[in-house]
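The values are calculated or read from the model by the stated rules, or taken from the named source; none is laboratory data. For clarity, every value in this text was computed on a predicted model and none was experimentally measured. Cβ atoms come from the backbone with ideal geometry, glycine included; neighbour counts cover every protein chain shown. The area values use the complete protein model at the heavy-atom level, side chains included, leaving out ligands, DNA and RNA. Shrake-Rupley method; radii C 1.70, N 1.55, O 1.52, S 1.80 Å.
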Amino acid sequence: MRLINYTMAKQTVKELETSVDFETFKSEVLADFRLACVSREASLLGRREVLTGKAKFGIFGDGKELAQIALAKQFQLGDFRSGYYRDQTLMMAIDQLTVQQYFAGLYAHTDVEKEPLSAGRQMGGHYSTRNLDENGEWKNLMEQRNSSSDISPTAGQMPRLLGLAQASKVYRNHPTLSELEEFKKFTNGGNEVAFGTIGDASTSEGPFWETINAAGVLQVPMVMSVWDDGYGISVPRHHQTTKDSISEALSGMQRTKDKPGYEIFLTKGWDYVHMCETYEKAVKIAREQHIPVLVHVKEVNQPQGHSTSGSHERYKSEERLKWETEFDCINKFKEWILNFNADGLSIATEEEIEEIQKEAKTFVRDQKSAAWKDYSDAIKTDLNTALSLLKAVAAESSNAVFINPEIEALERAMEPIRKDILNTCRKVLKMVRAEKIPTRIALSAWIKQQIDTNFERYSSHLHSQSAKAALAIEPVAPTYEDTPVMEDGRIILRENYRKLFEKYPQALIFGEDAGKIGGVNQSLEGLQDQFGELRISDTGIRECTIIGQGIGMAMRGLRPIAEIQYLDYLLYAVQVMSDDLATVQYRTKGGQKAPLIISTRGHRLEGIWHSGSPMGMIVNALRGIYVCTPRNMTKAAGFYNLLMEADDAALVIEPLNGYRTKEPTPTNIGEFKIPLGIPEVVRQGTDLTIVSYGSTFNLCEVAAKQLEEVGISVELIDVQTLIPFDINHMIKASLEKTNRLLIVDEDVSSGATAYMLDKILVEQKAFVHLDSVPETLSSKDHRPAYGTDGDYFSKPSVDDIFEKAYSIVSEADPKAYPSIY
Ligand SMILES: Cc1ncc(C[n+]2csc(CCOP(=O)(O)OP(=O)(O)O)c2C)c(N)n1
Ligand SMILES: [Mg+2]
């Protein structure tokens, strides 16, 4: 950690002469200048790489170099960044990005050793550090400077930033955690700062405001920098921000003597000394006192315009462009260095500065070439193998006249990529499909092996692949006394939570009304009294940042359970779940994880916004998050118990009408674990298989009894989790016996029922066992109307289920089962 006193620049010569530190100061200033030049060269060369076609897209950090260098001086081991695509200089300054890696990212090099940010999965400019080892276990995060993995949606970095900062607060105030050895890799008494960065225009987004307000309420050590270059692509700031200034707009958040709030700083992106001083003060306040800080960095420029997709001359005036050159931070820094003269003591001459700039150019060019060589060598190996296989095929094939031009085209291609190689191989394989030549077999085997290898390159790590993956955790069945005690569902959940909070000191639960009153359904009743306000807490009404708190804290070794009061309100959180949480493992190729459990409750209760069951939306938007749909609270508890041992993210949707329903109390509460992806055949039958989950499952049970009374034997299956879905194909096995299928849920038509049909008929290939048209029964396509009658006519009722099931059997055997209508 560099700790130079930058006020030295203003000291008198006498002080400087006596200061043993002047040489250190000077070399640090020059190292900063060099880094700024290196980063700028990387931006300039990066753009060229895109324009010449070697990289696909570029978005760079030019213009923001100096501010990031000033910030980085305060970035300590264990600290975290949550930022956006302009932060290459910061990443370089905290030693988490080499120039070679930067170019490897631009080229999309898939080797994680060469491109540790995302193994080529994310476009350039999206930064992260590797916080897990190759087994998916936490590294010691106190031995590195950390960056959570960037995402592209503007302000998408904000909700997680809140949780990253809050983790410090939890660690500092938790009664036991910081003493436990296993948490020393995450914290040193909660002294870690979470650094946020955002562009001026992106502060217009809702998640920015929600996060800023929540951090002010929670008083967490967050240092929020706004790089204000006056534009969001082409749209100027006055279209984005009230009063044309984010610090003015937020001035009401400034803390006062008697009211906690923010500390707000203003500085300019070209003023090296002022920025260094500002960050020194800002970070000290956040780190020591856990007070959130806003640093509004004004007068920043963007010399190359927004991205490689267009030029800024289209929307910036001549005057603005002139200002951007004059006030470019590197030009200004150079000016300051050259003018530095404290009675004879100077930092560098013009020649020395020019030498640094020249050397930076050469260095970046060499690093770029090395990155390109690494990237293209890996492909060349594949290309050579493919060419020799193709030539062998051509030598044997009667289609050689068609194959040879393909081979020649591939040989002639300037910089062939994997797509070109595989495309040619597959084209040739098609040509020789009818030929019985051994080389065809070799080519086809190689293509298959390439497809597998590229699955690993481009499609692995949607979920955890560690030993703690949810699917690797051993299930434990609930056990019961001969005559079990019957309790309300909410009591079973509450007692289960009690055990979990006793067992896991790192577990926290938070949400609207989750703290003082113990949840709107009382499933956390009394737990705040027992475990304290830090662990069982109320939050503001802000679903998006409740999830963000969870993501950030989970990334720092805690085990958060984020409470979303009702499933209907999950929509406010779906963006952050889909864009951020669901992609954490995938977008880092297993370099980061956020084992967050999201607990909510849904399906039928009352009215348009308390009865939602938008499961199709959920399973489609949230691939990467497991989705559990328990039919009662024992099942829900079993999922929580399993998930607490796992390192996957998951959503658990409790059935809203089950809190006051009596359930037998298991004797091993807190211990039993329900596996994911394993349906339960709750009722054996022979005539028809009914598949359901959640609240409608319980209606299906009633309907199945009524169907039995008229002689129809139903096999009733609770899928239990929608993601993963029936991994052992139990439903197919059931259909082998019954040959008829009805799927029931309370989503809209073709919502989750379409998903399940695809899984069963296409993925499991169960269509071969069907003797009747597969049927689905779901809700009406509108939101459910209020009241019992509203529910009856909006959602599937026991009557509907009975009649639908009966009609399937009746169609097959109308004599035995005459049509009801
Ligand atoms: C949610 C969302 N909307 C739109 C975009 C497209 N987009 C990418 S960057 C950008 C402008 C951001 O401007 P600003 O926050 O000022 O950052 P700057 O690029 O100027 O540093 C836009 C509109 C996006 N990535 N995400
Ligand atoms: Mg901007």
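Compute log10 of I(q)/I(0) for the range 237-305 with the Debye formula, placing one identical point scatterer on every Cα and leaving out solvent, at q = 0.13, 0.18, 0.20 Å⁻¹, to two decimals. Log10 of I(q)/I(0), two decimals: -0.44, -0.78, -0.91. For the range 314-470, the solvent-accessible area works out to 58 Å² per residue, with a probe of 1.4 Å and every protein chain left in place.
Regarding the range 178-285, what is the average projected area of its C-alpha convex hull, in nm²?
Values: hull surface 35.5 nm².
Here the figure is 8.9 nm², rounded to one decimal.
From most to least packed by mean Cβ count within 10 Å, the peptides 458-465, 250-257 give 458-465, 250-257. For the range 93-165, the fraction of 1.4 Å probe accessible surface lying on carbon and sulfur atoms is 42 percent.
Measuring nothing but how far apart in sequence close Cα pairs (under 8 Å, 6+ apart) lie, relative to its length, the chain scores a relative contact order of 11 percent.
Hey, any idea what the orientation-averaged projected area of the convex hull of the range 308-384's Cα atoms comes to, in nm²? Write out the running numbers ahead of the final one.
Details: hull surface 34.8 nm².
About 8.7 nm², averaged over all directions.
Dipole check for the range 361-400: with +1 at the C-beta of Lys and Arg, -1 at the C-beta of Asp and Glu, and the Cα centre as origin, the magnitude is about 300 Debye. Our Cα-only numbers for the range 12-103 put the radius of gyration and Dmax at 16.1, 56 Å. The length gained on full extension between ILE451 and HIS238, counted as 0.36 nm times the residue separation minus their Cα-Cα distance, comes to 71.7 nm.
Positive end of the dipole of the chain (Cβ unit charges, origin at the Cα centre): among GLY269, PHE340, MET553, the Cα lying farthest that way belongs to PHE340.
Which residue, chosen from LEU707, ILE727, PHE672, occupies the Cα position most advanced towards the positive end of the dipole of the range 667-729, where the dipole is computed from +1 (Lys, Arg) and -1 (Asp, Glu) charges on Cβ about the Cα centre? Of the options given, the answer is PHE672. Overall, the accessible surface of the range 687-816 at a probe of 1.4 angstrom is composed of carbon and sulfur to the extent of 52 percent.
Per the Cα gyration tensor, the range 82-164 maps to an equivalent ellipsoid with semi-axes of 18, 17, 12 Å, ordered largest to smallest. Dipole of the range 458-609 (Lys/Arg Cβ +1, Asp/Glu Cβ -1, origin at the Cα centre): which of ALA507, GLY540, LEU570 lies farthest to the positive side? So the residue furthest toward the plus end is ALA507. Taken over the range 310-448, the percentage of Cα pairs per 5 Å bin, counting from 0 up to the bin with the maximum distance, is 2, 8, 13, 11, 8, 7, 7, 6, 6, 6, 6, 7, 6, 4, 2, 1, 0, 0.
Given all pairs of different Cα atoms, what value in angstroms does the Kirkwood hydrodynamic radius of the range 118-207 take? Could you put the intermediate results ahead of the total?
Values: mean 1/r = 0.0675 Å⁻¹.
So the Kirkwood estimate lands at 14.8 Å.
Could you give me D for the range 241-379, from Stokes-Einstein at 25 °C and 0.890 mPa s, where the hydrodynamic radius is the Kirkwood radius over C-alpha pairs? Units µm² s⁻¹, please.
Details: Rh = 19.1 Å.
Estimated diffusion coefficient is 129 µm²/s.
Give the angle, between 0 and 90 degrees and rounded to the nearest 10, that separates the Cα long axis of helix 329-339 from the longest principal axis of the Cα atoms of the chain. Helix 329-339 sits roughly 30 degrees off the main axis of the chain. Computed over the range 566-721, the range of Cα coordinates on each principal axis works out to 56, 38, 30 Å, biggest value leading.
Helix 22-51 against the longest principal axis of the chain: what's the angle in degrees, Cα atoms only, rounded to the nearest 10? The two axes meet at around 60 degrees. Looking at the chain, the DSSP beta bridges with both ends there are about 20 percent antiparallel. How large is the translational diffusion coefficient of the range 493-609 in µm² per second when you combine the Kirkwood radius over alpha carbon pairs with Stokes-Einstein at 37 °C and 0.692 mPa s? For the chosen part, D equals 224 µm²/s.
The trypsin sites (Lys or Arg not before Pro) of the range 722-821 that meet both conditions, a loop assignment by DSSP and at most 16 other Cβ atoms within 10 Å of the site Cβ, are LYS765, LYS780, LYS815.
Dividing the convex hull volume of the alpha-carbon atoms in the chain by its residue count gives 201 Å³ per residue. Rolling a 1.4 Å probe over the heavy atoms of the protein chains gives the range 746-821 an accessible area of 55 Å² per residue. If only the Cβ of Lys and Arg carry +1 and only the Cβ of Asp and Glu carry -1, the dipole of the range 265-339 around its Cα centre is close to 200 debye. Structural descriptor for the range 316-432: relative contact order 17 percent, calculated from alpha carbon pairs under 8 angstrom and at least 6 residues apart. Entry comment: accessible area of the range 650-692 is 31 Å² per residue, from protein heavy atoms only and a probe of 1.4 Å. For the range 579-646, the convex hull spanned by the alpha carbon atoms encloses 91 Å³ per residue. Using the alpha-carbon positions of the range 661-799, Rg (one decimal) and Dmax (whole number) come out as 15.5, 44 Å. Please determine, in degrees from 0 to 90 and to the nearest 10, the orientation of helix 272-289 with respect to the longest principal axis defined by the Cα atoms of the chain, where the helix direction is its Cα long axis. That works out to roughly 40 degrees.
In a simple Cβ point-charge model (Lys, Arg +1; Asp, Glu -1; nothing else charged), the chain has a dipole of about 1160 debye relative to its Cα centre. Can you send over the carbon and sulfur percentage of the accessible area for the range 515-591, probe radius 1.4 Å, protein chains only? Of the solvent-accessible surface of the range 515-591, carbon and sulfur hold 50 percent.
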